[in-house]
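Below is one structure, written out as structure tokens, with a few remarks after it.
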Amino acid sequence: MKNKRNSIGAGMLLVLAAVVTFIIIYKAHQKDEILPLKARQGILANTSEWTKTKETVAKLMQKIQEKPEDPEPRVQLAQAYMQEARVTGDHQYYDMAALRLLNSVLKKDPNQFEALCFKSMVLLSQHHFSEGLEMADKAVSINSYNAFVYGLVIDGNVELGNYDEAVKNSDKMVSIRPDLSSYSRISYLREIYGDNEGAIEAMKMAVSAGFPGLEQTSWCRTQLGKLYENKGDLENAKLQYEIALSQRPDYAYAYAGEARIEKYNKNYKQAISDIKKAQSLVNDYGFYDELSELYKLNGETDKAKQTAEELIKKLSKDAETGNSDDQIGHYADKELAYAYLKTGNNDKALEHALIEYNRRPNNIDVNEALAWVNYKMGNVKDADKYISVALKTNSQNPTLLCQAGIIKSKNGDKEKGNLLIKKGISLDPYLSQELSNEMKPYLASR
């Protein structure tokens, strides 16, 4: 009887071991599984670019099947998926798909240069800035003569608030390869340091260096439009959006730009229509934020709040999507802070602003967000501390200057506050209605 029990026990152990082995193998297979290209929807599915993308992905899939040990097609497929994320806005799916491919390459060769670069790019896209910069720095140590990798180093340093380091690397990047990518980064750095005219000049060079109609070129053109917006030049801003749409029909970010022009002109219904068009084309959560503001301006307060709440749900869901090397969550606490402000939940806004601040305390945009949340909560001393950091690069962003002016005035420094508000308004007379209302008491006292 005892032997029979032992035999049964041994048999159960064998079954259990087999089950565990199956689960391990299944999970390993799942982890190495290459996710398929998702079908595009709507207008984006009816372009020659989509046909080419499908053909490219099919060829790379075939190469991977024929030569599973060859890292090149896996890296190239990851790159194709990351570009598809840019076009469709589906970063959550395609970034995960790219990470699986890149991790499978790096598992076999931790120093594979292209895989390190693209993994850094994915991490930066998901706002894991410290990890993304670390990966980019490792890639530079392997190949310090590649312009692309310096772009990643610049991006990581900018987001972490290491602006001087970003400038140094931009010099290296442009000296190796003066092109759209390097010129656009120089433009952003000039904007950060308050040289708005220089930023426009560099972004024009980026646009000229790109091929008309390509997504990257259209992106740079819409950024040029935004730079014109920030100086109140709506005519030139609108022109950039029109050119972008003529060269790349139904480009979402050009529609979003046109929506902002309509907003400045107080054509709120048309602005809502334009931003909804953009929203139908690309899954960009920034469009929800803009739509919420437009609903409020149009007197549709319930829709405004509902849209902000929907944005909070989406951002929160993405942040919790994953916590593994193949599936990481998207950090969006700065965006959540602003979204919670729109719903009147200041406590949650402060919670998320502090989370973002603890990740990157030197970033001027993060300090601006934390300052504004504290101002809204009546913590004017704390607000002044953070807004002073936000001003450290001499940024001439009109919204930042006006917010700083309000906070300085509220803290008793009315002279400096008035100067900042006056400067912000002179740069851009089309500031948001909410900010204009906040400024009224201080403008009256000038």
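The values are calculated or read from the model by the stated rules, or taken from the named source; none is laboratory data. All values derive from a computational prediction rather than experimental measurement. Here the Cβ positions follow ideal geometry from the backbone for every residue, glycine too, while neighbour counts run over all protein chains shown. These area figures cover heavy atoms from the full protein model, side chains too; ligands, DNA and RNA do not enter into them. Shrake-Rupley method; radii C 1.70, N 1.55, O 1.52, S 1.80 Å.
Over the chain, what is the mean sequence separation of C-alpha contacts under 8 Å (at least six apart), divided by residue count, expressed as relative contact order in percent?
The normalised contact order for the chain reaches 10 percent.
What ³J(HN,Hα) values, in whole Hz, does the Karplus curve 6.51 cos²θ - 1.76 cosθ + 1.60 give for segment 62-70 when θ = phi - 60°, with x put for Gly and Pro?
5, 4, 5, 5, 6, 10, x, 8, 7
If you work out Rg and Dmax of the Cα atoms in Å from the coordinates, which of (1) 48.1, 159; (2) 24.7, 99; (3) 25.5, 81 do you get?
The value matching this structure is (2).
Please compute the per residue accessible area over segment 195-329 with all protein chains in place, 1.4 Å probe, rounded to a whole number of Å². Present the calculation step by step, with values, prior to reporting the outcome.
On the way: 6300 Å² over 135 residues.
Per residue, segment 195-329 has 47 Å² of solvent-accessible surface.
Among the lysines, which have Cα under 27 Å from the Cα of LYS59 when same-chain residues fewer than 8 positions away are ignored?
Hits, sequence-local ones excluded: LYS27, LYS31, LYS38, LYS67, LYS107, LYS108, LYS119.
What is the helix-to-structure angle for 196-209, meaning the angle in degrees between its Cα long axis and the longest Cα principal axis of the chain, kept from 0 to 90 and rounded to the nearest 10?
The two axes meet at around 40 degrees.
Tell me the net charge near SER130. Cut-off is 11 Å between Cβ atoms, SER130 excluded, with +1 for each Lys or Arg and -1 for each Asp or Glu.
-2
Relative to the longest principal Cα axis of the chain, at what angle does helix 301-319 sit, 0 to 90 degrees, rounded to 10?
The angle comes out near 40 degrees.
How large, in Å, is segment 258-398 by the Kirkwood hydrodynamic radius built from its alpha-carbon pairs?
16.2 Å
How much length is gained on full extension from THR301 to ASP171, taking 0.36 nm per residue of separation minus their Cα-Cα distance?
Numbers: separation 130, 0.36 × 130 = 46.80 nm, distance 4.75 nm.
Residue separation times 0.36 nm, minus the Cα-Cα distance, leaves 42.1 nm.
Compute the accessible area per residue over segment 29-188, keeping the other protein chains in place, probe 1.4 Å, unit Å².
Counting only protein heavy atoms, the per-residue value for segment 29-188 is 48 Å².
What part of the accessible area of the chain, given as a whole %, is carbon or sulfur when the probe is 1.4 angstrom?
Taking all protein chains in place, the chain shows 52 percent carbon and sulfur surface.
Give, in nm to one decimal, the length gained when the segment between LYS416 and SER130 is fully stretched (0.36 nm per residue of separation minus the Cα-Cα distance).
Gain on extension, LYS416 to SER130, equals 99.4 nm.
Could you give the size of the charge dipole of the chain about its Cα centre, using +1 on the Cβ of each K and R and -1 on the Cβ of each D and E, expressed in debye and rounded to the nearest 20? Intermediate values should be presented prior to the final figure.
Working: 59 positive and 61 negative charges, 162 e Å.
Approximately 780 debye in magnitude.
Counting Lys +1, Arg +1, Asp -1, Glu -1, what net charge surrounds LEU391 among other residues with beta carbon under 14 Å of its beta carbon?
Its environment carries a net charge of +1.
Among the listed pairs LYS276/LYS305; LYS54/LYS313; LYS266/LYS414; LYS392/LYS422; LYS204/LYS226; LYS305/LYS423, which have their C-alpha atoms separated by more than 21 angstrom in this model? Kindly include the intermediate steps, with their values, before the conclusion.
Numbers: LYS276/LYS305 16 Å; LYS54/LYS313 32 Å; LYS266/LYS414 31 Å; LYS392/LYS422 19 Å; LYS204/LYS226 12 Å; LYS305/LYS423 32 Å.
Exceeds cut-off: LYS54/LYS313; LYS266/LYS414; LYS305/LYS423.
With only alpha-carbon atoms in the gyration tensor, what are the semi-axes of the equivalent ellipsoid for segment 328-416, in Å, largest first?
Values: eigenvalues 93, 44, 21 Å².
Values for segment 328-416, descending: 22, 15, 10 Å.
Run the quick spin-label model on LEU214 and SER246: label points 7 Å from Cα toward the beta carbon, then report their separation in nm to one decimal.
Between LEU214 and SER246, the simple spin-label model gives 2.1 nm.
Below 8 Å, C-alpha to C-alpha, sequence gap of six or more: please give me the relative contact order for segment 171-322 in percent. If you can, show how the numbers build up before the last one.
Values: 184 pairs, mean separation 18.7, N = 152.
Relative CO of segment 171-322 lands at 12 percent.
Which number comes out as Rg/Rh for segment 136-195 once both Rg and the Kirkwood Rh are worked out on C-alpha atoms?
Values: Rg = 10.6 Å, Rh = 11.2 Å.
Here the Rg-to-Rh quotient is 0.95.
Which value results when the Cα radius of gyration for segment 39-125 is divided by 2.2 N^0.38 Å? Walk me through the numbers before you get to the answer.
Values: Rg = 13.1 Å, N = 87, 2.2 N^0.38 = 12.0 Å.
Taking the Cα Rg and dividing by 2.2 N^0.38 Å, one obtains 1.09.
As I understand it, the value is the acute angle between the Cα axis of helix 268-281 and the longest principal axis of the Cα atoms of the chain; what does it come to in degrees, rounded to 10?
Helix 268-281 sits roughly 20 degrees off the main axis of the chain.
Which of TRP50, TRP372, TRP219 moves the most in a Gaussian network model of the chain with Cα springs under 10 Å?
Checking each option, the largest mean-square fluctuation is seen for TRP50.
How large is the Rg to Rh ratio of segment 50-90 when both quantities use alpha carbon positions and Rh follows Kirkwood?
Using only Cα positions, Rg/Rh for segment 50-90 is 1.01.
What is the Å³ per residue value for the convex hull set by the Cα atoms of segment 367-446?
79 Å³
If I take every Cα pair under 8 Å that is 6 or more residues apart in segment 258-320, average their sequence separation and divide by the length, what percent do I get for the relative contact order?
Numbers: 56 pairs, mean separation 15.9, N = 63.
With pairs under 8 Å counted, the relative contact order is 25 percent.
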